[in-house]
Amino acid sequence: QVQLVESGGGLVQAGGSLRLSCAASGLAFSIYAMAWFRQAPGKEREFVAATSRRGDNTGYADSVKGRFTISRDNAKNTVYLQMNSLKPEDTAAYYCAADRRLYSTDTFRVDLGSYDYWGQGTQVTVSS
């Protein structure tokens, strides 16, 4: 069974940092593009960051560029999201996701519907 287990969420002051981790099992982690999405109360889930299966290509939502960094360690079946300079508007439940599609190139997608497996979500709250 595919399982994505997240950790690292919590409460942090504006300007602070958090590092989220997502440990994957039950899938061929190294061949799947991975991503982070977030969802605030009353809002739709939105794209945050993604990494290709190799980790050589990454992409970010405009709102987090320059502040967040996605990375992966295929030997550990883990994807990370380093979040720096956090803002109150970053407050949301953060979800790890895996794209099952086997793309012919080292690429990724930013649309929610492209992702097949999801973590349970971890709450990030940024206070002023």
Value of Rg/Rh across region 56-128 [Cα atoms, Kirkwood radius]: 0.97
field: Square roots of 5 times each gyration tensor eigenvalue, C-alpha, region 1-43, largest first, Å
entry: 25, 13, 10
task: Within 10 Å, count the other beta carbons around each residue, average over each peptide in 107-116, 72-81, 37-46, and list them highest first.
output: 72-81, 107-116, 37-46
- prompt: Can you work out ³J(HN,Hα) from phi for every residue in region 84-95, in order, using Karplus 6.51 cos²θ - 1.76 cosθ + 1.60 and θ = phi - 60°, giving whole Hz and x for Gly and Pro?
  reply: 10, 6, 5, 10, x, 5, 7, 4, 4, 7, 9, 10
message: What translational diffusion coefficient, to the nearest whole µm²/s, does the chain have by Stokes-Einstein, given a Kirkwood radius computed over alpha-carbon pairs, a temperature of 37 °C and 0.692 mPa s viscosity?
response: 229 µm²/s
- prompt: Near G113, within a Cβ-to-Cβ distance under 15 Å, what is the net charge of the other residues, with Lys and Arg +1 and Asp and Glu -1?
  reply: -1
task: Report the extension gain between S30 and D106 in nm, rounded to one decimal, defined as 0.36 nm multiplied by the number of residues separating them, less their alpha carbon distance.
output: 26.2 nm
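No lab work stands behind these numbers, since they all come straight from the coordinates. Worth saying up front: this structure is predicted, and the values here are computed from it rather than measured. Using ideal geometry, Cβ is built from the backbone for each residue, glycine included, and neighbour counts are taken over all protein chains shown.
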